[in-house]
Amino acid sequence: MKKLLLLLMSCMLALSLAACSGGSDTDVTGGVEIKKVSDMEGNVRVALAGWQLDNGINAQTGNPTIGLNEYLEQTFNKMYPNIKLELYQIPWENVKAKQSAMLLSGDVDVLYTGGAFASQWYQDGLLRDLDDLMKEDTSFDPNIYLAGIMNNSYSTKSPDGTKQFGIPVALGRRMTIYDKKLFEDWGVEPLTAKADPAEILEKAKKMTGKNPKTGEDNYGLYWSGNSLNGSTFVALTLAFGAKGAEGTLKDVKNIKWHLNTPEMVKVMEWLKEAAKLPPAGFVNAQGAENFGLERNNIAIALDSTGGSTMSEYLSSQNKELLDRFEPVMNMGPKGEGWVAVDPFVMAKNAKDVKASWEVLKFLTSPMTQRYMYENFALTPTLKNADFVSPEDKYVKKALEIAEVGHSELMDEANPFYMSDIVPAVNGFISKAATGNAPDIQAFLDDLQQRAEKWSANLK
Amino acid sequence: MNTVDANLTHRRKKISLNQWILTIVLSLGSFVMIVPFLWMLVTSFDWAARLHINFPPRLWPEEPSIKTFEVAFTSIKMFRYISNSILVSVGVIIVSALSALLSGYALSKLRFKGANIVLLLALSTMMIPFEMTMIPQYLLFSKMGLVDNYLAFYLPALNYAFGTFLAKAFFDQLPTTLREAAILDGAKEVSVFGRVYLPLCTPIIATMVILLFLGVWNDMLWPLLILKKATKYTIQIGLAMFTYNNGIDKQPSIIMAATTVSLIPVVVVYMFLQRYIIESIALSGIKQ
């Protein structure tokens, strides 16, 4: 038995070694000649969440990818030959603990991170304002970034909106996507370009049940019922005009809560109705594994990325699925929804501020965003992202949504929203899915009371 | 029918109903234990499962391919990370086991004043969750200049309170007269420990080796915090790299391919120490 196991493992190792082949065409500049920009000297420590340093293969598409080391060698190192970079590659798992520790100990200068973490670190005084650096640097143009997220996001701006602490480099994609084939099977009119919650619910109800053409079970609607940031709930509050709170995150103890208003009741009523339509696993973010693919049985997916469809297209070059899955704007009045923004930020006690700024500026530049889009499908944050593939309608739609985006108090930057509102709403959805939704007004009154108590405890 | 056949028939008849039930229950138990491993193996060869895991599990990959392994090996430095994990594990095992045996021996056989309080204090450190101490611990090591240094694993390993407790309990069972006799013969304390008691400690050493190896091998948080350069990362950090979309979405078949390879050292350890693993569970009450 031992011998057999050892033999099997040896085969596995041999297989693994055989699998290690490599080499790829590694031009990252698109033919552009890279020239020296500055003789500035410095040493900059950069902590990157989720970036890949070495050349490899994109698991989603199967295509070769160029690692950041190679990219920097061909670009940054030529532009700033005297700035030495120390790159720390950090997986997303437990990234907050790692980057918090680095910030507290002064072990890092520049960070790429999640927007919610950046917002919290800024409020904890661990990040530096960038306004003075932006003002001094005439080569930096803040207008190249989407205004909705550069100027109006908790991930890049101080809670009172007066200071800039982050430069956006990647967007989270959240849009409504529908399956044209299922709409045709059911004889339902396609979604309009800015489908509101009422339209979505009405059409989704029509498409839940046995497909009249294929006889398969279809589900009219899908969203993640246990979303950590409650993004669908945010989009609904925007759509129904349920602000939830008034005030500023700079002064959280004086926030005035409006969680049990008639508008919020409408939000919860919508969720109660809609929770009957998705596959049962949606309360645990399961059940949409095939959305965007050939075997899909869901008509409309909220806060969807289009990632599966685009990956399939990139690996097979078959446009069939691209034509089948159509994105429209999110549910807000202007088509807005919650937009996740991942920024580059600078540590408060960065050792070499000027060199760090040059690094930060380079890593958020159009050239780097192009590199990240082409290799790792990161959604850019630029107004004029002309490098986005013409077929990539999902990124284009995400950029449209981001352009009209704005942050409200129902946001992951709001501590009470994350600690209490999101879990409560997810709990409500879970109960509604089994037909046991609590009384909406009583539920919201309770949430309002808890919010007021929370604020009072801060005073 | 010869005598041998007759004996066999007789023995078969003696297999009672209870044994059949036991066999069926154990077979079912084994099946439940094996299925996740089989699922891992099948998924690791399934290119189609790189975006979403197949559910219900499949017995055969939808798109059989070794490209999953190719992606795993080109995306992270797999062998480097496994070597690093081995280096960290071996160091921690040596430091922790030695520290626990020495302290357990002292607490059990030397019977100094306040021994119970020392043990209690050591055990009380186990009551504080690591999440509470990790940032201060990181800051301490940062001040000491030990960030990105494997000493940050070996130094905390000196305090292996659970091992001390186990070792003390084990030494308590060994006769104290052995020590007295050795001392009467002129042996020093170090010799008594090393030559008289240590050779009797194989079961407890094996127990500690297994518990420590599995604990260190599977640890993710402390290595992630204390190591900065990717070249020093351990395998668990490497496995965590296979996510996208802010870590929300995973790459199932790639993770499974990397996990399959990363399990090889664990299986090797298991094969050579399997006799002790059962004893260790019985001795410590812990199954990792």
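Might you check whether a residue that is in contact (Cβ under 8 Å) with a residue 40 or more places away in the chain and either assigned to a loop (DSSP other than H, G, I, E, B) or closer than 19 Å to A:V28 by Cα (or both) occurs anywhere in region A:391-401?
Yes; the residues of region A:391-401 include at least one that is in contact (Cβ under 8 Å) with a residue 40 or more places away in the chain and either assigned to a loop (DSSP other than H, G, I, E, B) or closer than 19 Å to A:V28 by Cα (or both).
Find the residue count for region A:73-105, including only residues that are surrounded by 18 or more Cβ atoms within 10 Å (Cβ to Cβ), away from chain B (no Cβ under 14 Å) and outside any loop (DSSP other than H, G, I, E, B).
2
Name the residues in region A:173-200 that are farther than 21 Å from A:W270 by Cα, at pLDDT 95 or above, outside any strand (DSSP E or B) and in contact with a helix residue (DSSP H, G or I) (Cβ under 7 Å, 6 or more places away or on another chain), would you?
Scanning region A:173-200 gives A:K180, A:K181, A:W186.
Here are A:E408, A:E452: which of them is of a type in the set (D, E, K, R), more than 14 Å from chain B (Cβ to nearest Cβ) and part of a loop (DSSP other than H, G, I, E, B)? If you could, list the steps in order and put the result at the bottom.
Numbers: A:E452 fails: part of a loop (DSSP other than H, G, I, E, B).
Of the residues listed, the single one that is of a type in the set (D, E, K, R), more than 14 Å from chain B (Cβ to nearest Cβ) and part of a loop (DSSP other than H, G, I, E, B) is A:E408.
Could you tell me how many of the residues in region B:62-76 are facing chain A (nearest Cβ under 8 Å) and surrounded by fewer than 18 Cβ atoms within 10 Å (Cβ to Cβ)?
Result for region B:62-76: 1.
Exactly one of (1) closer than 25 Å to A:T261 by Cβ; (2) modelled with pLDDT of 95 or more is unmet by A:P343. Its number?
(1)
Please work out which residue is farthest from A:V359 (Cα to Cα), limiting yourself to region A:47-59 and to residues that are over 21 Å from the mean Cα position of the chain (by Cα) and part of a strand (DSSP E or B).
A:I57
Looking at A:V353, is it over 23 Å from A:N229 (Cβ atoms) and more than 14 Å from chain B (Cβ to nearest Cβ)?
Answer is yes for this residue.
Specify which of the listed residues (B:T243, B:T234) is of a type in the set (S, T, N, Q), touching a Phe, Trp or Tyr at 6+ places or on another chain (Cβ under 9 Å) and at the interface with chain A (Cβ under 7 Å from one of its Cβ atoms). Let's see the steps before the verdict.
Values: B:T234 fails: at the interface with chain A (Cβ under 7 Å from one of its Cβ atoms).
B:T243 is the lone residue from the list that is of a type in the set (S, T, N, Q), touching a Phe, Trp or Tyr at 6+ places or on another chain (Cβ under 9 Å) and at the interface with chain A (Cβ under 7 Å from one of its Cβ atoms).
Please tell me if A:E93 is among the acidic types (D, E) and farther than 29 Å from B:A49 by Cβ.
In short, no.
Just one of B:V209, B:V190, B:V216 is free of Cβ contacts under 8 Å to residues at least 60 places away in the same chain and either under 19 Å from B:A100 (Cα atoms) or touching a Cys at 6+ places or on another chain (Cβ under 7 Å) (or both); which is it?
Answer to the selection: B:V190.
Only one residue in A:D137, A:D132, A:D109, A:D141 is more than 14 Å from every other protein chain (Cβ to nearest Cβ) and in contact with a Lys or Arg (Cβ under 8 Å, 6 or more places away or on another chain). Which one? Full working, then the answer.
Details: A:D132 fails: in contact with a Lys or Arg (Cβ under 8 Å, 6 or more places away or on another chain); A:D109 fails: more than 14 Å from every other protein chain (Cβ to nearest Cβ); A:D141 fails: in contact with a Lys or Arg (Cβ under 8 Å, 6 or more places away or on another chain).
Among A:D137, A:D132, A:D109, A:D141, only A:D137 is more than 14 Å from every other protein chain (Cβ to nearest Cβ) and in contact with a Lys or Arg (Cβ under 8 Å, 6 or more places away or on another chain).
Helices (runs of 4 or more DSSP H) wholly in region B:102-220 with at least 3 residues that are at pLDDT below 95 and within 30 Å of B:A240 (Cα to Cα) - which ones?
Here the list reads B:130-143, B:161-173, B:202-218.
Which one of B:P129, B:P136, B:P56, B:P64 is touching an Asp or Glu at 6+ places or on another chain (Cβ under 9 Å) and over 30 Å from B:L200 (Cβ atoms)? First the steps, then the outcome.
On the way: B:P129 fails: touching an Asp or Glu at 6+ places or on another chain (Cβ under 9 Å); B:P136 fails: touching an Asp or Glu at 6+ places or on another chain (Cβ under 9 Å); B:P56 fails: touching an Asp or Glu at 6+ places or on another chain (Cβ under 9 Å).
The match here is B:P64.
Write out, first by first residue and then by second, each pair whose Cβ atoms fall under 7 Å of each other, whose residues are 6+ apart or on separate chains, and whose first residue, in region B:130-156, is in contact (Cβ under 8 Å) with a residue 40 or more places away in the chain while the second is among the basic types (K, R).
Partner pairs satisfying both residue conditions: B:V147/B:K228; B:D148/B:K228; B:D148/B:K229; B:D148/B:K232.
If you check A:A274, A:A355, A:A350, which single one turns out to be modelled with pLDDT of 95 or more and closer than 30 Å to A:K243 by Cβ?
When all the criteria are applied, what remains is A:A274.
Being modelled with pLDDT under 95 and of a type in the set (S, T, N, Q) is the filter; apply it to region A:228-271 and report the residue that is surrounded by the fewest Cβ atoms within 10 Å (Cβ to Cβ).
A:N254
If you scan region A:420-445, which residues turn out to be in contact (Cβ under 8 Å) with a residue 12 or more places away in the chain and either among the acidic types (D, E) or farther than 29 Å from A:P327 by Cβ (or both)? Show your work before the answer.
Filtering region A:420-445 down to residues in contact (Cβ under 8 Å) with a residue 12 or more places away in the chain leaves A:420-422, A:424-426, A:428-430, A:432-433, A:435, A:437, A:440-441, A:443-445.
Once the filter is applied, which keeps residues that are in contact (Cβ under 8 Å) with a residue 12 or more places away in the chain and either among the acidic types (D, E) or farther than 29 Å from A:P327 by Cβ (or both), region A:420-445 yields A:D420, A:A424, A:G435, A:A437, A:I440, A:Q441, A:F443, A:L444, A:D445.
Quick check on region A:137-160. Is at least one of its residues at pLDDT below 95, in a helix (DSSP H, G or I), touching a Leu at 6+ places or on another chain (Cβ under 6 Å) and among the small types (G, A, S)?
No - not one qualifying residue is present in region A:137-160.
Restricting attention to region A:325-341, does a residue exist that is among the aliphatic types (A, V, I, L, M), surrounded by fewer than 18 Cβ atoms within 10 Å (Cβ to Cβ) and more than 29 Å from A:Q120 (Cα to Cα)? Lay out the reasoning, then the answer.
So the first thing to find is which residues in region A:325-341 are among the aliphatic types (A, V, I, L, M), and the list is A:328-329, A:331, A:339-341.
Next, from what is left, pick out any that are surrounded by fewer than 18 Cβ atoms within 10 Å (Cβ to Cβ): none.
So far as region A:325-341 goes, no, none of its residues is among the aliphatic types (A, V, I, L, M), surrounded by fewer than 18 Cβ atoms within 10 Å (Cβ to Cβ) and more than 29 Å from A:Q120 (Cα to Cα).
Residue by residue through region A:276-319, note down the ones that are among the polar types (S, T, N, Q) and either part of a loop (DSSP other than H, G, I, E, B) or within 11 Å of another protein chain (Cβ to nearest Cβ) (or both).
A:Q286, A:N290, A:N296, A:N297, A:T305, A:S308, A:T309, A:S311, A:S315, A:Q317, A:N318
Based on this model, can you work out whether A:V44 counts as of a type in the set (A, V, I, L, M), over 22 Å from the mean Cα position of the chain (by Cα) and farther than 19 Å from B:K250 by Cα?
Judged against the criteria, A:V44 is a match.
Mind telling me which of the residues B:S103, B:S99, B:S85 ends up being in contact with a Leu (Cβ under 6 Å, 6 or more places away or on another chain), surrounded by 13 or more Cβ atoms within 10 Å (Cβ to Cβ) and either more than 11 Å from chain A (Cβ to nearest Cβ) or not β-branched (V, I, T) (or both)? Spell out how you get there, then give the answer.
Values: B:S103 fails: in contact with a Leu (Cβ under 6 Å, 6 or more places away or on another chain); B:S85 fails: in contact with a Leu (Cβ under 6 Å, 6 or more places away or on another chain).
Answer to the selection: B:S99.
Out of all the residues in region B:135-158, which are surrounded by fewer than 18 Cβ atoms within 10 Å (Cβ to Cβ) and within 14 Å of another protein chain (Cβ to nearest Cβ)?
Across region B:135-158, the qualifying residues are B:I135, B:P136, B:Q137, B:L139, B:L140, B:K143, B:M144, B:G145, B:L146, B:D148, B:N149.
Which numbered condition trips up A:G62, out of (1) surrounded by fewer than 20 Cβ atoms within 10 Å (Cβ to Cβ); (2) in a helix (DSSP H, G or I); (3) touching a Ser or Thr at 6+ places or on another chain (Cβ under 9 Å)?
Here A:G62 meets the rest and fails (2).
Select from region A:211-261 the residues that are among the basic types (K, R) and in a helix (DSSP H, G or I) and write down the one among them that is farthest from A:S153 (Cα to Cα). Spell out the reasoning first.
In the first step, residues of region A:211-261 are kept if they are among the basic types (K, R); the result is A:213, A:243, A:250, A:253, A:256.
Imposing the further condition that a residue be in a helix (DSSP H, G or I) reduces the set to A:250, A:253.
Working: A:K250: 14, A:K253: 21 Å.
The qualifying residue farthest from A:S153 (Cα to Cα) is A:K253.
Which condition from (1) closer than 23 Å to A:A355 by Cα; (2) of a type outside the set (G, A, S); (3) out of contact with any Phe, Trp or Tyr (no Cβ under 6 Å at 6 or more places or on another chain) is the one that A:P91 breaks?
The number of the failed condition is (1).
I'd like the residue in region A:161-172 that is part of a loop (DSSP other than H, G, I, E, B) and within 20 Å of the chain's Cα centre (by Cα) and, out of all such residues, is farthest from A:A402 (Cα to Cα).
Filtering region A:161-172 for residues part of a loop (DSSP other than H, G, I, E, B) gives A:161-163, A:165, A:172.
With within 20 Å of the chain's Cα centre (by Cα) added as a condition, the list becomes A:165, A:172.
On the way: A:F165: 19, A:G172: 9 Å.
Per the criteria, the residue is A:F165.
The values are calculated or read from the model by the stated rules, or taken from the named source; none is laboratory data. This one's a predicted model, so the numbers in the text were calculated from it and none came from an experiment. Every residue, glycine as well, gets a Cβ built from its backbone with ideal geometry; the counts of neighbours run over all protein chains shown.
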